[in-house]
1. So for segment 121-143 (the condition being over 19 Å from Leu334 (Cα atoms), part of a strand (DSSP E or B) and not acidic (Asp, Glu)), does at least one residue qualify?
2. Within segment 89-101, track down each residue that is in contact (Cβ under 8 Å) with a residue 24 or more places away in the chain and within 19 Å of Gly565 (Cβ to Cβ).
3. So, in segment 99-117, how many residues would count as being touching a Lys or Arg at 6+ places or on another chain (Cβ under 7 Å) and either small (Gly, Ala, Ser) or within 16 Å of the ligand (Cβ to nearest atom) (or both)?
4. Look at Asn41 and say whether it is out of contact with any Cys (no Cβ under 6 Å at 6 or more places or on another chain), open to solvent by less than 10 Å² (accessible area, probe 1.4 Å) and touching a residue at least 40 places away in the same chain (Cβ under 8 Å).
5. So which residues in segment 319-344 are buried (at least 22 other Cβ atoms within 10 Å of the Cβ) and in contact with a Gly (Cβ under 8 Å, 6 or more places away or on another chain), if there are any at all?
6. Somewhere in segment 130-150, is a residue more than 12 Å from the ligand (Cβ to nearest atom), of a type in the set (Ser, Thr, Tyr) and touching a residue at least 12 places away in the same chain (Cβ under 8 Å)?
7. Do we have any residue at all in segment 81-88 that's crowded, with 18+ Cβ neighbours inside 10 Å, within 16 Å of the ligand (Cβ to nearest atom) and either touching a residue at least 24 places away in the same chain (Cβ under 8 Å) or of a type in the set (A, V, I, L, M) (or both)?
8. Give all pairs with beta carbons closer than 7 Å in which a residue from segment 309-321 that is within 18 Å of Leu334 (Cβ to Cβ) meets a residue that is in a helix (DSSP H, G or I) and near the ligand (Cβ under 9 Å from one of its atoms); count only pairs at least 6 apart in sequence or on separate chains.
Amino acid sequence: MHIQQLLVSRFEDALQAIDCAGSPVPVAKSNKPGFGEYQFNGAMALAKKLKQNPREIAQKVVDAVNLDGIAEKLEVAGPGFINIHLSNAWLSQQVQVAVADERVGINAQAEQKVVVDYSSPNLAKEMHVGHLRSTIIGDAVAKCLEFLGHNVVRQNHMGDWGTQFGMLLAHLQDKLAQNEVAETALSDLEDFYREAKVRFDQDENFANKAREYVVKLQSGDENCLALWQNFIDISISHSEELYQKLGVSLTRNDVMGESAYNNDLSVVVKELSEKGIVVEDAGAKVVFIEELADKNGKPAVYIVQKSGGGYLYATTDLAAIRYRSQQLDANRTLIFTDARQALHFKQTEIVARKAGFFKENEAYQHCPFGMMLGKDNKPFKTRSGDTVKLIDLLDEAVERAEQLVLSRNPDMSGEQVKEMKEKIGIGAVKYSDLSKNRTTDYVFDWDSMLSFEGNTAPYLQYAYTRTQSLFNNAGVSTDSVKGSVAIEHDIEKSLALHLLQFQDALEIVAKDATPHVLCSYMYELASLYSRFYEACPILKSDVAPEQKASRLQLCALSAKTLKIGLDLLGIPTLLKM
Ligand code: ARG
């Protein structure tokens, strides 16, 4: 059930009936009690346009709109708002429909081809916190889009190419020559990179060899490519270890690294030159972007080929756009990286549009996110100032969750503790990231993310287990509740309404790529459920059977919605806590 959309379409019809077709149809949730559940706010603008009295226009709309059976009352308020009071009977009926559906009534008719470019670590190094954010946020958005019926193509645009591989491969070659096994040599990529860099800076012979490897790699030398492939495979498996710990849906099939575009790069530059978009400048091939000129009118410079002939990150992104549009037939691309790359994607989009690399109406959305900060409000680092290895971070989360679990349940069995600490620890790290508006920096704080109070993973996981124990006690399952739903109590109405707004929330996540909207939705759901649970007895012996059946259905829909929502966010659920 998409309430918002339903109301919008009814108001569209009404506007047509009063000869105002095509005017905007702003329908919003009301945020004050007593003002109904939704508001139509279009009368004021319409009145201005027609030079008429807004309240009179509003009344005309009220007379024209058909919300029979949906709203029990429409009233014109203030300067011309229309307050929509939904009917309890209608809400009851909708709850009944939703609860009987395994998708809780969410329609999945959307069918865009959406490319989601996320995680995309650089394989020369270990994944860092920036990639953690990209991985978690991108995965949640991909899942929401899929749930709404979109055809999602995950693209892990891994950084697997570039001159730094010359030095890394030269170093690896030396290690192998000393009989070391590649897996061992590369067990810590950060250390390995550092060692190679030191040699590169200090040892002229090594530096020459590294440069030689770059040339060999680029010219397709077989031995060199095999060495490179070995390196890449091992580095990808490091990422996969993390994906698995995080419960992220990326697989090897989603890997489409920078190297995959190697053969397209010269074609891209050629096409740009033929179209007169690219010019030679001091030996390099560049695009001057007038649209992004500085305040003195100097256009932004966008390099697609260096004077030595080398290609850049930008060239690869242009090739990726071309591939996604032509080969994947994408309607829309979402890319998750930190905000510092915003300008790059803005420039890339402008150049690609000029070059005709996009189809008409194809959307390209860079979805930036802020930095992860420590409690001191500085970029998140270890005590000694190093970047934090993600594996260590996740291990610490699990360890802290273990202490938490044991402090609450000292006699729990080892098996149970193991399941709980993983689900709670990983869930907490993921949720604390997802629940913040991605565009701002956020402070990583163990204590608040592992708290059972507030908008946290443990709070939601716990709320879910409470629904499960209720059904245990009731001796029925969420799928077998029967009878008719009759909403009476105010809190029942609030809960029902919120449950039926699930699709409204998901649509926002899909449009703006903002999982925090779903998190807020979930938090409110859990809070409403707990208020309902306290105010409305269900299993007490003096509750009439029809009322018990009705309330159990609200519980069942709450439980199912919590479960689906947590799954979409990638937060594991438990049956007991
Ligand atoms: N590898 C890049 C980085 O670590 C992110 C790639 C994002 N995707 C893209 N199409 N450029 O910053």
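The values are calculated or read from the model by the stated rules, or taken from the named source; none is laboratory data. Note that the structure is a prediction, hence the values are computed from the model and not measured. Here the Cβ positions follow ideal geometry from the backbone for every residue, glycine too, while neighbour counts run over all protein chains shown. Remember, those area values only see protein heavy atoms, side chains included, never the ligands or the DNA or RNA. Shrake-Rupley method; radii C 1.70, N 1.55, O 1.52, S 1.80 Å.
1. no
2. Residues satisfying the conditions are Gln94, Val95, Val97, Ala98, Val99.
3. Summing the residues that are touching a Lys or Arg at 6+ places or on another chain (Cβ under 7 Å) and either small (Gly, Ala, Ser) or within 16 Å of the ligand (Cβ to nearest atom) (or both) in segment 99-117 gives 3.
4. In short, no.
5. Listed by number, the residues that qualify are Leu334, Phe336, Thr337.
6. No: segment 130-150 contains no residue that is more than 12 Å from the ligand (Cβ to nearest atom), of a type in the set (Ser, Thr, Tyr) and touching a residue at least 12 places away in the same chain (Cβ under 8 Å).
7. No - not one qualifying residue is present in segment 81-88.
8. Every condition considered, the pairs that remain are Thr316/Glu258; Asp317/Thr348; Leu318/Thr348.
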